[in-house]
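This report concerns only the one structure given below.
None of the figures in this text is laboratory data; all of them are computed from the coordinates on show. In this text the structure is predicted, and so the values were computed from the model without any measurement. Heads up, the Cβs are rebuilt from the backbone with ideal geometry, glycines too, and the neighbour counts pull from every protein chain shown.
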Amino acid sequence: PHTVRLSDYRPPDWLVPTVALDFDLAPGCTRVRATLTVTRNGAHDRPLVLDGQELRLLSLTVDGVADATQPVGEHLTLRLAGDTAVIETLVEIVPSANTRLMGLYASGGNLCTQCEAEGFRRITFFPDRPDVLSTYSVRMKADARAYPVLLANGNMVARGDDDGGDTHWAEWTDPWPKPCYLFALVAGDLQPLRDRFTTMSGREVQLAIWTAAADVPRCAHAMAALKTSMAWDEVHYGREYDLDVFNIVAVADFNFGAMENKGLNVFNSKYILADPETATDADFDAVAAVVAHEYFHNWTGNRITCRDWFQLSLKEGLTVFRDQQFSGDQGSRAVRRIDDVRSLRAVQFQEDAGPTAHPIRPDHYIEIGNFYTATVYNKGAEVIRMLYTLLGEAGFRAGTDLYFERHDGQAVTCEDFVRAMEDASGRDLTQFRRWYEQAGTPRVGVTLAHEGSTATITLTQTTPPTPGQPIKLPVHLPLRLALFDRASGARIGDERLVELTEATTTVVIPDVPTRPVLSLNRDFSAPVIVEHACPAADRVFLSAHDDDPFARYEALQQLALDTLSAEGPCDDLVAALGATLGGDDPAFIAEAVLLPTEAFIGDQAAVVAVDAIHARREAVRHAAATAHRDAWWAAYRGNADAAYAQTPEAKGRRRLKNVALGYLMATGEREAEVAAYAQFENANNMTDRIAALSVLANSDAPERTAALAAFYDRFKGDASVIDKWFSVQAMSSRADTLAATIALTRHPDFSHNPNRLRSLVGAFGVNQLRLHAADGAGYAFLADQVLSVDPVNPSTAARLMTPLGRWRRFDEGRAALMRAQLQRLLKTPRLSKDVFEMASKSLA
Ligand code: B3K
Ligand code: ZN
């Protein structure tokens, strides 16, 4: 397979100022007539090359004259004499056979599109690259009964009936030039939840969320989030919506979360539909975050887009940062930050430490679909956050204002963004740019010396080698730190923002009479691993006294990691957990007292000791559970609200109650099982019901089987809830989990739907204990699944195989078994380039 390189970038040879598309829609055969005006870009004599994949070309004209040119491979190459031309193609495609869910496909009786990154070429012949911006007009025609609703980007300008009403049509135009990856169309039997939003300049926007009629009431939370995010972007970034309508469609079959198509977002229904009976608090939060994220793309992604796909983090890192800020403003900022850091560490740090490590701006790829990663998204957001920290709120806002003003309507690069930040703030970001080029997580080593009344902090930074990048240079990173007085518990002076630029930085702090306690990387100001041989007593101190809630959480986590990574007594940790449990913010307590996952404990060691980690963690959990038994019961009973509310306070109490339930189960007491089953049966919301089911699924409680069966019966037919039912079983630590998971692949409800695959196979893939069974059966299962999904949906298959790439982190026995499965994948005929790229890089 061909490798695409950033260094090979060249501006497009031909531009396409206008596109007219005419769709004759039907699932078994759709005809697409495309009329492109093309103009030569610069003085050259290169041909016009159009991309096309799985298209049947029925006719082609150039300036109205029939042309017999045929596509070769996935390209249609036309030599044009003049500097402008009108190209018209007619192609046939088969949406019902499109199992990759890229291009135009069928989902639950509807037709919809997904074009990012390179799906538009599966709809019509086109220069499918983000730096070709066009204005679109779209006509679509379909059976009126099967597809009563016809949507596309922009505004509807006309509609009508044909054939005595059997078919109907609609015309849509989008006034804003856009790259083809933002094109969208939907035809279906859908009903809207409607609302309105008045923008800051007083323009009224018609909002609609479209879904199956029965699901309309479950769209209210998404609609509220949409309106809140529209207002938020006006206040915080001065960005106003720019069309008269904003449509969202929820579909059941979708490769990822959602898509920001201009004026017509298409969503995985998992991120739209939410009601208390079927969605957890985490689901509610995810709906709001994804709705906001896609909405924010209207400016960061759509009005200003990417020049090429290597610049993906330009829109994704920035938009994730914006959605994180937004979510932080809706509830507890600290809890949101804890959550974001937890997932960064769980996924992105692992990526940075593995065979597919890449910078937030990669410089080569085989399949761009493999680069929608935690690095590009989440580390990308951390890089933007560091700019925010370095420039301050006002400086950052001046930077984004300049970026919007300078580049509106353009397809630009990460460099353009950094330059806007630099020009607006006057700061030199030369060294900061290394964050865009270097992969790997920097490690910051810390020592604290105290002499007389001077504290000296020595900070060193190194970034380990990653594939293709043996030598790393120091990066510019902002570290927030503070000192605390051990005796009084108070902070000594103000928090400092230290900027590391060299390999070693020394910070000298005068007027510190006694040896202080150091609080470092507060609020996780830089995405680094801090290596600080900090005495347990200091961690205990900070977990109680730090005035930065993230740092308080972090102190307890690090204490837990130290404790769980060693043998011996765990009294300090157990005592600190008890003290935290006595705090007064349920949402914070719930996050802080959770022990690090087995995977995260494994990440700290050179070789992951799968079984020992599990055993040690269970033992410590048991100790913490029994030592504070009464406090856990108090947290459990004291936060069991009778009435349900979707407020931050109520969500925090539910979270603490359910975390307490987990600890109570760890006591091994029968009373806990009884409480869990009662909660399962009597819950008035999904958060409580699934929390109870999940602890039962992880146990040998006699009610386990009955609870799983009852849950299935109650919710069968509701895909997103049944996904949870699959997940709790695949994530169980029970010895029979692999057998149960394999059996579930034969369940009538198991399918190749991406959500279902992730809920079962994806969930098993992160079950460290059971995936990494020493006999390799877990690996074989994962590879079987990858091979079964690959011919159907390669991008989903490639994501499922990620855990196998981590073989270097395991003992030689396991590593050999993992490699054997990767080799088996690589030997498979007709492997997709998605899986090929992941498997070959994993073995390299
Ligand atoms: N931009 C889309 C992701 C498209 C993924 C293509 N493989 C959703 C988002 O990040 O908002
Ligand atoms: Zn995005």
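Restricting to Cα atoms and excluding each atom paired with itself, what does the Kirkwood estimate give for region 1-94 in Å?
Every distinct Cα pair counted, the radius reaches 14.6 Å.
In degrees from 0 to 90, rounded to the nearest 10, what is the angle of the helix 549-564 Cα long axis to the longest principal axis of the chain?
With rounding to tens, the tilt is 70 degrees.
Write down Rg/Rh for region 14-188, rounded to two decimals, with Rg from the C-alpha atoms and Rh from the Kirkwood relation over Cα pairs. Write down the numbers at each step before the final one.
Working: Rg = 15.8 Å, Rh = 16.4 Å.
On the Cα set of region 14-188, Rg over Rh gives 0.96.
Could you work out [θ]222 nm for the chain from helices alone, using -39500 (n - 2.57) per DSSP H run of at least four and dividing by all its residues? Round to the nearest 500 deg cm²/dmol. The partial results should precede the final answer.
Working: 26 runs with 316 residues, N = 844.
When only DSSP H runs of four or more count, the value is -11500 deg cm²/dmol.
Work out the length of the dipole vector of the chain about its Cα centre, built from +1 on the beta-carbon of each Lys and Arg and -1 on the beta-carbon of each Asp and Glu, and round it to the nearest 20 debye.
It comes to approximately 1160 debye.
What order do you get for T173, T69, T89 when you list them from fewest to most C-beta neighbours inside 10 Å?
Numbers: T173 17, T69 13, T89 23.
Neighbour counts put them in this order, fewest first: T69, T173, T89.
Please list, by residue number, everything in region 262-288 whose backbone N is under 14 Å from a paramagnetic label point 7 Å out along Cα→Cβ of R714.
Those under the cut-off are 276-280.
Give me the percent of Cα-Cα pairs in region 716-844 that sit more than 17 Å apart, rounded to a whole number.
Details: 4457 of 8256 pairs.
The share of Cα pairs beyond 17 Å in region 716-844 comes to 54 percent.
Relative contact order for the chain: what percent, with Cα pairs under 8 Å and sequence separation of 6 or more?
Numbers: 1647 pairs, mean separation 67.4, N = 844.
That works out to 8 percent.
By what distance, in whole Å, do the Cα atoms of region 309-437 stretch along each of the three principal axes, largest value first?
Per principal axis, max minus min of the Cα coordinates gives 38, 37, 28 Å.
Listed highest first by mean packing, meaning other Cβ atoms within 10 Å per residue, what order do 60-67, 232-239 come in?
Numbers: 60-67: 13.1, 232-239: 17.1.
Going by the mean number of other Cβ atoms within 10 Å, highest first, we get 232-239, 60-67.
Using amide H atoms built in the peptide plane, which far-off residues or other-chain residues are under 5 Å from V266 H to H?
Result for V266 returns V249, M259, N261.
Could you calculate the contour length gain from E681 to R46, that is, 0.36 nm times the residue separation minus the distance between their Cα atoms, to one decimal place in nm?
Values: separation 635, 0.36 × 635 = 228.60 nm, distance 6.93 nm.
Between E681 and R46, full extension yields 221.7 nm more.
So how tilted is helix 380-407 from the main axis of the chain? Cα-based, degrees 0 to 90, rounded to 10.
30 degrees
Considering the zone a paramagnetic label at D363 would reach in this model (a point 7 Å from Cα along the Cα-to-Cβ line), which residues of region 438-469 have amide N under 16 Å from it?
Counting backbone N atoms under 16 Å from the label point, the list is 438-440, 465-469.
Run the reach check for K841 against lysines, Cα to Cα strictly under 30 Å, same-chain hits fewer than 8 apart removed. What comes back?
K315, K379, K472, K827, K833
With charges only on Cβ, +1 for K and R and -1 for D and E, what is the dipole size of region 443-540 about its Cα centre, in debye, rounded to 20? Numbers along the way, then the final one.
Values: 9 positive and 10 negative charges, 49 e Å.
That gives a dipole near 240 debye.
Enumerate the aspartates and glutamates that K227 could reach by cross-link, defined here as Cα to Cα under 19 Å, with residues fewer than 8 away along the same chain left out.
By straight Cα distance, K227 reaches D195, E204, E240, D242, D244, E260, D275, D283, D285, E294, D323, D329.
Calculate how large, on average over all directions, the projected area of the Cα convex hull of region 385-475 is; give the answer in nm² to one decimal.
Values: hull surface 33.2 nm².
Taking a quarter of the hull surface, the average projection is 8.3 nm².
What's the angle, to the nearest 10 degrees (0 to 90), between helix 777-789's Cα axis and the longest principal axis of the chain?
Between the helix axis and the principal axis of the chain, the angle is about 20 degrees.
What is the calculated FRET efficiency for D611 to Q646, with r their C-beta to C-beta distance and R₀ = 56 Å, to the nearest 0.05?
On the way: r = 41 Å, r/R0 = 0.72.
Between D611 and Q646 the formula returns 0.85.
Compare the peptides 480-492, 675-687 by average per-residue count of other Cβ atoms within 10 angstrom and give them in order, highest first. Please list the in-between numbers first.
Values: 480-492: 16.2, 675-687: 18.8.
Result, highest mean first: 675-687, 480-492.
Give me the dipole magnitude in Debye, nearest 20, for region 190-303 about the Cα centre, with unit charges on the beta carbon: positive for Lys and Arg, negative for Asp and Glu.
Working: 9 positive and 16 negative charges, 59 e Å.
It works out to roughly 280 debye.
Estimate the FRET efficiency between D630 and A579 by the formula 1/(1 + (r/R0)^6), using the beta-carbon distance for r and 22 Å for R0, to the nearest 0.05.
Values: r = 15 Å, r/R0 = 0.67.
Once rounded, the FRET efficiency stands at 0.90.
Among F781, Y181, L696, whose Cα lies farthest out toward the positive end of the dipole of the chain, if unit charges sit on the beta carbon of Lys, Arg (+1) and Asp, Glu (-1)?
Of the options given, the answer is F781.
What is the spin-label model distance, in nm, from S7 to D736 if the labels are put 7 Å beyond Cα along the C-beta direction?
It works out to 5.7 nm between the two label points.
Rg over Rh of region 556-642, using C-alpha atoms and the Kirkwood radius, what does it come to? Please list the in-between numbers first.
Details: Rg = 13.7 Å, Rh = 13.7 Å.
Rg/Rh: 1.00.
Can you pull the percent of Cα pairs in the chain with separation above 35 Å?
Numbers: 183445 of 355746 pairs.
Roughly 52 percent, once rounded to a whole number.
Can you find, among S313, Q324, F284, the residue farthest towards the positive end of the dipole of region 251-328? Put +1 on the C-beta of Lys and Arg, -1 on that of Asp and Glu.
S313
Relative contact order for region 443-540: what is it in percent, counting Cα pairs under 8 Å that are at least 6 residues apart? Walk me through the numbers before you get to the answer.
Numbers: 183 pairs, mean separation 35.3, N = 98.
Reported as a whole number, the value is 36 percent.
In Å, what Rg and Dmax follow from the Cα atoms of region 443-540?
In order Rg, Dmax, the Cα atoms of region 443-540 give 14.4, 50 Å.
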